[in-house]
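Accompanying notes for the structure given below.
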Amino acid sequence: MATSATTSSSTMLTLPSDPIRQIQWRFADRYDLQMLVQSARGVARGTVAQIVAAGERNSHEWTPAKNEMMETFDRAGITGAFMEPEEGGFISGPKNLALALAAFELAWVDGGAATASLAGFLALAPIHERGTPQQSRHYKALSAPPQPGEDRKPWRGAFVLTEPIPYVGVDTGMLSGKVRIAGWREDQDPWLQVEKRGRFITNIAFANFVTAAVTSDDPRIQGSCVVILEDTDEGTFDRGTPTKKLVHQLSSTGDPIFNLKVPANRIVGGYTIKDGVLIPNFNHGEVIEAVFRRTRVTVGLMTAAKLLSSIEPVIRYQRGRFRGAEGARPGTVRYEQGIQQREDALHRLVDVWATGEAAASLGFAAARLFDELDPIEKQKNAIMAERGVAGGRAELKAMRESEQRAIAQLKMEAGDRRRDEIAADPLIQFVLADAEANVLCPATKLWNTGNGTNMMREAVSLMGGYGITEDCPGFLASKWMDAQLEATYEGPESVQRRQLTVTMTSEVFLAQFRAWTAEMRRVASTHPETGACTLASAMRMWLWSLEHLQKATDASGNKLYHGQRQGVTFPLADALCWLLASRYQILDVLELERRGASENWSSDGLAGTVQFLSDLCHVQSARAAGEVSRICAELVFGYNEHPSWTDEACTKCCFSAEELGELEEAMPGISAIAVDVIQSDGSHPLKAGPCASCNGAGDFLQLQNKLCGCLSGSRLAKDRAAETVSKVMIPEALDYPA
Ligand SMILES: Cc1cc2nc3c(=O)[nH]c(=O)nc-3n(C[C@H](O)[C@H](O)[C@H](O)COP(=O)(O)OP(=O)(O)OC[C@H]3O[C@@H](n4cnc5c(N)ncnc54)[C@H](O)[C@@H]3O)c2cc1C
């Protein structure tokens, strides 16, 4: 039995189903991923939900129940999702989307459970991305879940980068972990002595191996590297005490100490020897960059899952709020609708829902893009090798021509035949996908987790006092707090903003962004209800502001847009994320409509869902436009000095009362519009100074004016979405225990 229903054909009747999500997030044709989702969901809403409800989050210790959870992951195929079939897994090819979907399902119930599974992949990722083939085979085989009938415990790993203060945190270059030569016999591999202290290391209670970042403390080793340490290596492998976390308690975290002797073949990616010096093939920065580039997307999706998971419990709470009270009899509005009688309660829930949709769309788009990028990158590397281009600067130079062709292609008209020809070039494909991925990864991590955490507070607040109790269905308060960890680990917001300020100004990305703005206008012409036009106007404003700020100076003549001026660059990065999230949200709804129609889905069900999700797009694009307008206006005007009542300013910008009297004779009515008038006794209006004239920013004001008009209809969309939320059917009970 459902708690509420409607029969209107263009109204969404139920919460979006799996087939709808499969189309939106583009895995409708991937049976392997659908299976993974189902099995991860079984574990999340079964084992994980049960142990959370049983209070396992109340302990910092690694308990038998938490350990059992890891074994459940093995049996459900979650651990194996990282491996190729020949390595003990079941998914072939790139796995960014696969891992993202599994983490999304786990985080729907508990972020710590998702982290516990991801941390193992994070430990393996340096080896997967940059390890030698032998290292990759060896550690993946050990970490693969046992096959049926096989009596073996899979190895677990931990990724060890962060160090006790004052070393590695946001700044990954400040390493205190050291590597020295422990012994080096002629004609034999050297042995290394590795000293590393970790801080906040996930999986450490049970890790069999760790991948640790260290720097050389020996003239016979060059630079830094990531090295693999095992718990049976000679020396100290001290797991440290558990961190007293307030979040993600189903994962293990601690501050380990290592002082171990290991063979040099444990350096991730191997090494060469030149003139008696051991040179790692990859320094620690190169390894970490390749890893975080992909794994941060998954973290962003964990927060998206939390937001979307909160919808059903909130609806149930709101509707049932007054049931049982005198006067609230079945059939009365008070009984049926509860708090949902009130517009604000519905509107706030619509905001949470719209944010969740946008975050999921952005994150899954990023995960898919990395799946596309992986083979293209390999192809690009092969082409470069064939041409004898050996990475680094030489490669950057060689790619320059492809970048220019990619930019030219983006500017070509739709019917231009050269477009397809250029697009077929693998180097162009790489350049485009790489530029987009360089922005999407930090954008997903930054916006989904940062803004997502703020919106989780909204979700919690909608449950009143219940929201901040352990009994709250959907564990919403824990999810709110957990989201903050997602905003912090694998690099907190400043790291993502720093990266965005570089990648979002790449010529290729900006050419893509211009093309996307035009694309949104086209979408608006066929789907105005998505708010695509509002979004396009906001995109234009963002680009205008970026270009203006790149040239402008502040009141003291100092440059505004440069690396050290985070007050300018960081908010612009934030503003961009709002736009991107909205864009991918709209594209997902278009895909749902297109594919649903081509598969002859019941038009009633599809139309209602498309209408509702389009309304959420409109709500979100209006919110994004508001944020962009606020941020850009502050940056464009905020660095100008406001005029004060000095003689110079008054002469330049004000009327004298006398002068105004004379003008009034020639132009009757001018006195009524003159704002800054100095009276004969020298007095002036009581305000900060003559109004700022906004020289040079007239175009901005025009854009802002236009943007305000573009908001037309957005609140009507919100009203429609709220109406649907008040009627949509939900299951009788939550599908996991509270
Ligand atoms: C539960 C948990 C699990 C973790 N798991 C792991 C793990 O498995 N492996 C691992 O290696 N690490 C792990 N970490 C560490 C985590 O990645 C770091 O905590 C995180 O990167 C932030 O570093 P920090 O805590 O030193 O923050 P800080 O560097 O001290 O940053 C504090 C604040 O200052 C800001 N800030 C810092 N530098 C700048 C700057 N240059 N510009 C502007 N603002 C700046 C930051 O954005 C942040 O808001 C974990 C952390 C936790 C809490």
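The values are calculated or read from the model by the stated rules, or taken from the named source; none is laboratory data. No experiment lies behind these values; they were computed from the predicted model shown. Neighbour counts are summed over all protein chains in view; Cβ atoms, including those assigned to glycine, are modelled from backbone coordinates with ideal geometry. Only protein heavy atoms, including side chains, enter the accessible area calculation; ligands, DNA and RNA are left aside. Shrake-Rupley method; radii C 1.70, N 1.55, O 1.52, S 1.80 Å.
Structure summary
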quantity: Residue within segment 148-170 that is in contact with a strand residue (DSSP E or B) (Cβ under 8 Å, 6 or more places away or on another chain), under 23 Å from residue 271 (Cβ atoms) and at pLDDT below 90 present; calculated: yes
quantity: Matching residues in segment 53-81 - criterion: being under 26 Å from the mean Cα position of the chain (by Cα) and open to solvent by less than 20 Å² (accessible area, probe 1.4 Å); calculated: 70, 73, 77, 78, 80, 81
quantity: Residue 279 among the β-branched types (Val, Ile, Thr), more than 16 Å from the ligand (Cβ to nearest atom), farther than 30 Å from residue 724 by Cα and not in a helix (DSSP H, G or I); calculated: yes
quantity: Selection count where residues are part of a helix (DSSP H, G or I) and within 16 Å of the ligand (Cβ to nearest atom), scope segment 485-539; calculated: 14
quantity: Options 239, 266, 220: the member that is among the charged types (D, E, K, R) and within 18 Å of residue 132 (Cβ to Cβ); calculated: 266
quantity: First in segment 315-341 and closer than 21 Å to residue 353 by Cα, second anywhere and assigned to a helix (DSSP H, G or I) and open to solvent by 60 Å² or more (accessible area, probe 1.4 Å), Cβ under 6 Å, 6 or more apart; calculated: 341/333
quantity: Those residues of segment 689-735 which are modelled with pLDDT of 95 or more, out of contact with any helix residue (DSSP H, G or I) (no Cβ under 8 Å at 6 or more places or on another chain) and in a loop (DSSP other than H, G, I, E, B), in sequence order; calculated: 712
quantity: Unmet criterion (only one of (1) surrounded by fewer than 24 Cβ atoms within 10 Å (Cβ to Cβ); (2) touching a residue at least 12 places away in the same chain (Cβ under 8 Å)) for residue 356; calculated: (1)
quantity: Enumeration of residues in segment 71-94 that are of a type in the set (A, V, I, L, M, F, W, C) and more than 23 Å from residue 137 (Cβ to Cβ); calculated: 76
quantity: Residue that is most open to solvent (accessible area, probe 1.4 Å), among those in segment 494-511 that are under 13 Å from the mean Cα position of the chain (by Cα) and of a type in the set (A, V, I, L, M, F, W, C); calculated: 495
quantity: Yes/no for residue 148 being free of Cβ contacts under 8 Å to residues at least 24 places away in the same chain and assigned to a loop (DSSP other than H, G, I, E, B); calculated: yes
quantity: Hits in segment 222-280 (condition: without any contact (Cβ under 8 Å) to a residue 12 or more places away in the chain and more than 29 Å from residue 137 (Cβ to Cβ)); calculated: 275
quantity: Test: residue in segment 330-337 that is more than 30 Å from residue 216 (Cα to Cα), of a type in the set (Gly, Ala, Ser) and at pLDDT below 95; calculated: yes
quantity: Selected residue (criterion: farthest from the ligand (Cβ to nearest atom)) from residues of segment 155-188 that are within 26 Å of the chain's Cα centre (by Cα) and in a strand (DSSP E or B); calculated: 157
quantity: Search result, residues across segment 545-555 that are open to solvent by 50 Å² or more (accessible area, probe 1.4 Å) and part of a helix (DSSP H, G or I); calculated: 547, 550, 551
quantity: Boolean, residue 434 is farther than 20 Å from residue 482 by Cα, part of a helix (DSSP H, G or I) and open to solvent by less than 40 Å² (accessible area, probe 1.4 Å); calculated: yes
quantity: Neighbours by Cβ (under 6 Å, 6+ apart or cross-chain): first from segment 193-216, more than 8 Å from the ligand (Cβ to nearest atom); second aromatic (Phe, Trp, Tyr); calculated: 196/258; 205/62; 208/155; 211/159
quantity: Helices (runs of 4 or more DSSP H) enclosed by segment 50-141 - at least 1 residues per element that are in contact with a strand residue (DSSP E or B) (Cβ under 9 Å, 6 or more places away or on another chain), more than 16 Å from the ligand (Cβ to nearest atom) and not charged (D, E, K, R); calculated: none
quantity: Residue that is nearest to the ligand (Cβ to nearest atom) [pool: residues in segment 238-267 that are touching a Lys or Arg at 6+ places or on another chain (Cβ under 7 Å) and of a type in the set (A, V, I, L, M, F, W, C)]; calculated: 250
quantity: Criterion: among the aliphatic types (A, V, I, L, M), in contact (Cβ under 8 Å) with a residue 12 or more places away in the chain and exposed (fewer than 13 other Cβ atoms within 10 Å of the Cβ) - qualifying residue of 722, 733, 688, 717; calculated: 688
quantity: Matching option when the condition is surrounded by fewer than 16 Cβ atoms within 10 Å (Cβ to Cβ) and in contact with an Asp or Glu (Cβ under 9 Å, 6 or more places away or on another chain), among 136, 92; calculated: 92
quantity: Single match in 408, 385, 394 (criterion: assigned to a helix (DSSP H, G or I) and open to solvent by less than 50 Å² (accessible area, probe 1.4 Å)); calculated: 408
quantity: Criterion (open to solvent by 20 Å² or more (accessible area, probe 1.4 Å) and among the hydroxyl-bearing types (Ser, Thr, Tyr)) met by exactly one of 614, 582, 621, 602; calculated: 602
